[in-house]
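What follows is a single structure, written as structure tokens, with notes after it.
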Amino acid sequence: MPDRTDLLVVGAGPYAYSAAAFARDNGIETRIVGRPMAFWRNQMPADMFLRSGPDWHLDARGEHTFEAFFEDRGLRPADFDPIPVAVFLEYTDWFRDCKGLDLDERLVTGLTKPNSGFVATLDDGTTITADKVLAAPGVGSFLNLPEWYADVPPARRSHTSDLVSFDSLAGARVVIIGGRQSAYEWAALLTDHGAEHVDVVHRHSTPNFAKVSWHFVDQYVDQTLTHRGWWRGLSPERQRAIASEFWQVGRLTLEPWLVPRIPDTVVTSHPGCAVVGTAVSEHDVTLTLSNGKALTADHVVFASGYRADLARVQYLSGLVDRVSVTEGFPDLTEGLETSLAGLYLTGFAATRDFGPFYGFTKGCPSAAHIAVTDMMGGGGEEVGG
Ligand SMILES: Cc1cc2nc3c(=O)[nH]c(=O)nc-3n(C[C@H](O)[C@H](O)[C@H](O)COP(=O)(O)OP(=O)(O)OC[C@H]3O[C@@H](n4cnc5c(N)ncnc54)[C@H](O)[C@@H]3O)c2cc1C
């Protein structure tokens, strides 16, 4: 007899924790499958800092917040500014314990829907059947890379999500492609770990480094909760204006604590430049820039971000033909359900229909509330905090 559950939550990141906890709080029999916070643990550097603060949390009931964790540990959030990724991981462990979330640390290798329910196959060959599935795949399947990346030999290239330890690049010449927070934070981390030189190449102008407030996001996430379908009901102009506000704060402005860590003796920015040529030798790679400069490097880091393409989430490959998709994003109902009844998608995959905030942990409590309420046919508890 295969295992069965009412709700299977796939992925063990912030969105999955949040939704699984809120589903259980609402009496839904829930299983959660995945390696705990694996993307944060394995695909972010251990010495990275968060951009978000202690006010963003995972609990749709508003009890087991990040701030409650600090209080429980007798710590002052002000002493952790910016917040090291390790502290956030401790919070997520604490959240899991407080909520009694038993994680099944196997991976889902495939998902099918032979009848009204779903069958998930796990990496040991066993299966779990579920009435509903909530998939929280994050961004790990969606690496965005320029076409020419394949010209660089595999041993000489990384996407930022693959480059999380830097000691092997001590003394190396590195070129980073991209100019947002990850590009400059990776430049700082490479500098910290003794890279000889780091060139940062991007099409846009040099970003600002300044302290920003993310509080403007709060009102939008509140609107998402109080007005079902709020984001999709906005005019394209209003959506563009909010997205541009988000872009201004999140992408065009980078954290000021990076500045002392990217000395111009080590880090050189090349704003307004694209790579127009690559030449590979036995010992290094030379990139030609659109301004005519040539940069020779031992390693090329692609800080080129993520682009949604649902077809690239491997465990969904058996279902993706039955899911309506636009520009790589699933078309979601106002309850975060895909066009395949019973399959819910959350996090970054929901940003087209729910707004850019759903790519960040800020959206976790509201996404959990929206999806679980929908599963319960409109019932569910009030969202907190
Ligand atoms: C460098 C970087 C810095 C960031 N900094 C911040 C920040 O400061 N604040 C913030 O709010 N957000 C930040 N983000 C965004 C962050 O990624 C999202 O907020 C968050 O991870 C979204 O959670 P999630 O649960 O959707 O995805 P994830 O955390 O990516 O979780 C998805 C999970 O699915 C699991 N999974 C994959 N395949 C399978 C499978 N087959 N079976 C089972 N499980 C599977 C993965 O192991 C992973 O743990 C950052 C992102 C990056 C890349």
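Some notes on this structure:
- Mean Cβ neighbour count within 10 Å, used as a protection proxy, ranking 315-322, 259-266 highest first: 315-322, 259-266
- Between 0 and 90°, nearest 10: helix 14-25 axis offset from the chain longest Cα axis: 10
- For segment 284-385, the Cα gyration tensor yields ellipsoid semi-axes of 38, 18, 11 Å (square root of five times each eigenvalue, largest first, whole Å).
- Within straight-line cross-link reach of LYS113, aspartates and glutamates at Cα separation under 16 Å, skipping those fewer than 8 residues along the same chain: ASP3, ASP6, ASP131, ASP321, GLU337
- Spacing of the two label points (7 Å from each Cα toward its C-beta) at ASP3 and ASP284, in nm: 5.2
- Under the combined filter of DSSP loop state and at most 15 neighbouring Cβ atoms within 10 Å, segment 50-145 retains these GluC sites (Glu not before Pro): GLU63, GLU105.
- Summary of the geometry: segment 133-155 and segment 33-55, compared by the centres of their Cα atoms, lie 18 Å apart.
- Annotation: amide H of ILE176 within the under-5 Å range of ASP199, VAL200, VAL201, VAL301, sequence separation 5 or more or interchain, hydrogens built in the peptide plane.
- Volume of the Cα convex hull of segment 1-96, divided per residue and given in Å³: 99
- Viscosity 1.306 mPa s, 10 °C: Kirkwood-radius Stokes-Einstein D of segment 1-40 over Cα pairs, µm²/s: 152
- In the chain, helices alone account for a calculated mean residue ellipticity at 222 nm of -7500 deg cm²/dmol, with every DSSP H run of four or more residues adding -39,500 (n - 2.57).
- Applying 1/(1 + (r/R0)^6) with R0 = 41 Å to the Cβ-Cβ distance of THR268 and ASP102 gives a FRET efficiency near 0.25.
- D_trans [Stokes-Einstein, Kirkwood Rh over alpha-carbon pairs] for the chain, 25 °C, 0.890 mPa s, µm² s⁻¹: 111
- Ordering ILE262, GLY233, GLY250 by Cα displacement along the dipole of segment 224-280 toward the positive end leaves GLY233 in first place; charges were set at the Cβ atoms of Lys, Arg (+1) and Asp, Glu (-1).
- Local electrostatic count, ASP218, Cβ distance below 15 Å [Lys/Arg +1, Asp/Glu -1]: -3
Readers should treat all values here as calculations from the given coordinates under stated rules, not as data from a laboratory. Please read all numbers here as calculations on a predicted model, not as lab measurements. Cβ: placed from backbone, ideal geometry, glycine included. Neighbour counts: every protein chain shown.
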